[in-house]
Amino acid sequence: GGSGAQSAGTLTAGGSGGGGRANQANCGGAGNDPATTPAQGTAGGSGGPPGGAGGGGGATAVGGNSVPPNDGGVGGAGATTEIMASSIAYAGGGGGGTDEGAGSGPGTGDGAAGGAGGGGRGGIGPSPGPSVGVNGDDNTGGGAGGGTNSPSNPGDSTGGIGGSGIVIIRYRYQ
């Protein structure tokens with residue numbers, strides 16, 4: 001899954017795109033680039049202004065746009081499979097970080113949730129913190145949450161680390 005952006009991040013394309021930067025009116029990175037059939041990812045959501053960063057694209061759903069005045073966009077949903085006898089999601093997009101603000105609920109400075117499939121939550125600001133994005137879940141390929149746009153705490157505003165992937169080989173024993 002794509003990672004949610006932070007204010008100083010760069011936009012990249014790939015399997016799933018990262019979210020747009022906070023307070024910059026940027027579109028998210030393109031997904032499924034280079035193009036393949038079937039598609040291998042989706043675009044990231046757009047960042048403010050006003051607002052936080054856009055969410056990273058997941059395997060099956062685009063990342064959410066930021067929510068004014070300060071909230072990040074949610075990460076896009078990953079793909080589900082039942083290859084291991086139960087439904088499991090993989091490659092969820094990371095949530096976008098906030099544009100420095102504290103509080104809870106829409107529009108008050110919350111980092112957004114990552115998408116189903118291991119996406120990490122975006123950073124929520126220095127007060128109450130943490131401003132660092134949450135790592136994607138291991139063995140899911142989930143995108144990392146984006147860091148907070150935090151001028152008062154720039155050293156602690158980085159995005160998380162994407163979750164490691166997994167390879168599942170299915171074969172029929174005869």
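The values are calculated or read from the model by the stated rules, or taken from the named source; none is laboratory data. Keep in mind it's a predicted model, so treat the numbers as computed, not measured. Cβ placement follows ideal geometry from the backbone for every residue including glycine, while neighbour counts extend to all protein chains displayed. Calculation scope for accessible area: heavy atoms of the full protein, side chains included, ligands and nucleic acids excluded. Shrake-Rupley method; radii C 1.70, N 1.55, O 1.52, S 1.80 Å.
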(Q) What are the pairs with Cβ atoms under 8 angstrom where one residue, in segment 79-95, is under 14 Å from ILE168 (Cα atoms) and the other, located anywhere, is among the acidic types (Asp, Glu)? Sequence gap at least six, or different chains. (A) ILE88/GLU82
**Q.** Qualifying residue in segment 29-37 (condition: modelled with pLDDT under 85, open to solvent by less than 40 Å² (accessible area, probe 1.4 Å) and in a loop (DSSP other than H, G, I, E, B))
**A.** yes
Q. Could you list, in sequence order, the residues of segment 38-84 that are of a type in the set (A, V, I, L, M, F, W, C) and part of a loop (DSSP other than H, G, I, E, B)?
A. ALA39, ALA43, ALA53, ALA59, ALA61, VAL62, VAL74, ALA77, ILE83, MET84
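Yes/no matrix, rows are residues, columns are (1) closer than 25 Å to ALA39 by Cα; (2) at pLDDT 85 or above; (3) of a type outside the set (A, V, I, L, M):
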{"position": "GLY64", "(1), (2), (3)": "yes, yes, yes"}
{"position": "ASP71", "(1), (2), (3)": "no, no, yes"}
{"position": "VAL74", "(1), (2), (3)": "yes, yes, no"}
{"position": "GLY78", "(1), (2), (3)": "yes, yes, yes"}
{"position": "THR81", "(1), (2), (3)": "yes, yes, yes"}
{"position": "SER86", "(1), (2), (3)": "yes, yes, yes"}
{"position": "GLY92", "(1), (2), (3)": "yes, yes, yes"}
{"position": "GLY101", "(1), (2), (3)": "no, no, yes"}
{"position": "SER104", "(1), (2), (3)": "no, no, yes"}
